[in-house]
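Undergrad: Mind having a look at this structure? Questions to follow.
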Amino acid sequence: MQVNRTAIPEVLVIEPKVFGDERGYFYESYNERELEKQGLRAHFVQDNQSRSARNVLRGLHYQVRQAQGKLVRVTAGEIYDVAVDLHRSSPTFGKWTAVVLSAENRRMCWVPPGYAHGFLVTSDYAEVQYKTTDYWAPQHERCIIWNDRDLGVPWPLKGEPVLSQKDRAGLSLKEAEVFP
């Protein structure tokens, strides 16, 4: 596995070694020992999966207690994956980084605890799987509005996004509860 830092050094893009031949391919989608060698130490407690249609935008989600680190990958389709630093004391507070994840490129994105996370489906549909470092706690879940002007994320939309009621009701970064 190769681990690359993004514009926000704590957010990582992980590229597995893929072994392919005429039969197809094989790769390790997770290897704790290899990731620890690269500096990523995380204990995962839950695996999640979603399937979404084109232009579905999920996020920007986070939990103020039981903050979750997420290791995100796509097993079908393609997404534009976004992470936003919500640590007020961080030099990158309020900054975002994005990466295209797809079944074809097999990249994964590490979104550390204390970051908001969201994605836009850019293919006909996408299946997204992610491991989390803490359990889902709906009472601690928060959402920053996807189109916050201060964040200025350039979502590659074709038309209007398809949003849940929760995502429509997201707050601006200025209004949101964040981390110290």
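The values are calculated or read from the model by the stated rules, or taken from the named source; none is laboratory data. This one's a predicted model, so the numbers in the text were calculated from it and none came from an experiment. Cβ sites come from the backbone with ideal geometry, for glycine too, and all protein chains shown count toward neighbours.
Undergrad: Pick from the range 35-49 the residues that are surrounded by 12 or more Cβ atoms within 10 Å (Cβ to Cβ) and of a type in the set (S, T, N, Q): which of them is farthest from residue 76 (Cα to Cα)?
TA: Checking each candidate, the answer is 38.
Okay, residues lined up against (1) at negative phi; (2) touching a residue at least 12 places away in the same chain (Cβ under 8 Å); (3) surrounded by fewer than 16 Cβ atoms within 10 Å (Cβ to Cβ):
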{"position": "3", "(1), (2), (3)": "yes, yes, no"}
{"position": "10", "(1), (2), (3)": "yes, yes, no"}
{"position": "15", "(1), (2), (3)": "yes, yes, yes"}
{"position": "23", "(1), (2), (3)": "yes, no, yes"}
{"position": "29", "(1), (2), (3)": "yes, yes, yes"}
{"position": "33", "(1), (2), (3)": "yes, no, yes"}
{"position": "51", "(1), (2), (3)": "yes, yes, yes"}
{"position": "63", "(1), (2), (3)": "yes, yes, no"}
{"position": "71", "(1), (2), (3)": "yes, yes, no"}
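Undergrad: If you don't mind, there's one more thing I want to ask. Checking residue 13 against (1) in contact with a Lys or Arg (Cβ under 6 Å, 6 or more places away or on another chain); (2) under 23 Å from residue 166 (Cβ atoms); (3) not acidic (Asp, Glu): exactly one of these is not met. Which one?
TA: The single condition residue 13 does not satisfy is (2).
Undergrad: When you go through 104, 127 one by one, which is the residue that is acidic (Asp, Glu), in contact with an Asp or Glu (Cβ under 9 Å, 6 or more places away or on another chain) and under 28 Å from residue 31 (Cα atoms)?
TA: Details: 127 fails: in contact with an Asp or Glu (Cβ under 9 Å, 6 or more places away or on another chain).
Testing whether each residue is acidic (Asp, Glu), in contact with an Asp or Glu (Cβ under 9 Å, 6 or more places away or on another chain) and under 28 Å from residue 31 (Cα atoms) leaves just 104.
Undergrad: State which residue pairs qualify: first residue at positive phi and inside the range 101-126, second residue surrounded by 20 or more Cβ atoms within 10 Å (Cβ to Cβ) in any location, beta carbons under 8 Å apart, and separation of 6 or more residues or different chains.
TA: Final answer for the pair search is 106/73; 114/62; 114/85; 114/86.
Undergrad: Only residues that are in a helix (DSSP H, G or I) and either closer than 25 Å to residue 97 by Cα or at pLDDT below 90 (or both): list them for the range 1-37, please.
TA: Those that are in a helix (DSSP H, G or I) and either closer than 25 Å to residue 97 by Cα or at pLDDT below 90 (or both): 32, 34, 35, 36, 37.
Undergrad: Take residue 155 and decide whether it is aromatic (Phe, Trp, Tyr) and crowded, with 18+ Cβ neighbours inside 10 Å.
TA: No; evaluated as a whole, the condition is false for this residue.
Undergrad: One residue is enough: does the range 132-143 have a residue meeting the conditions over 16 Å from residue 57 (Cβ atoms), among the β-branched types (Val, Ile, Thr) and out of contact with any His (no Cβ under 8 Å at 6 or more places or on another chain)?
TA: yes
Undergrad: Keeping to the range 137-152, report how many residues are in a loop (DSSP other than H, G, I, E, B), surrounded by fewer than 13 Cβ atoms within 10 Å (Cβ to Cβ) and not charged (D, E, K, R).
TA: The qualifying residues number 1.
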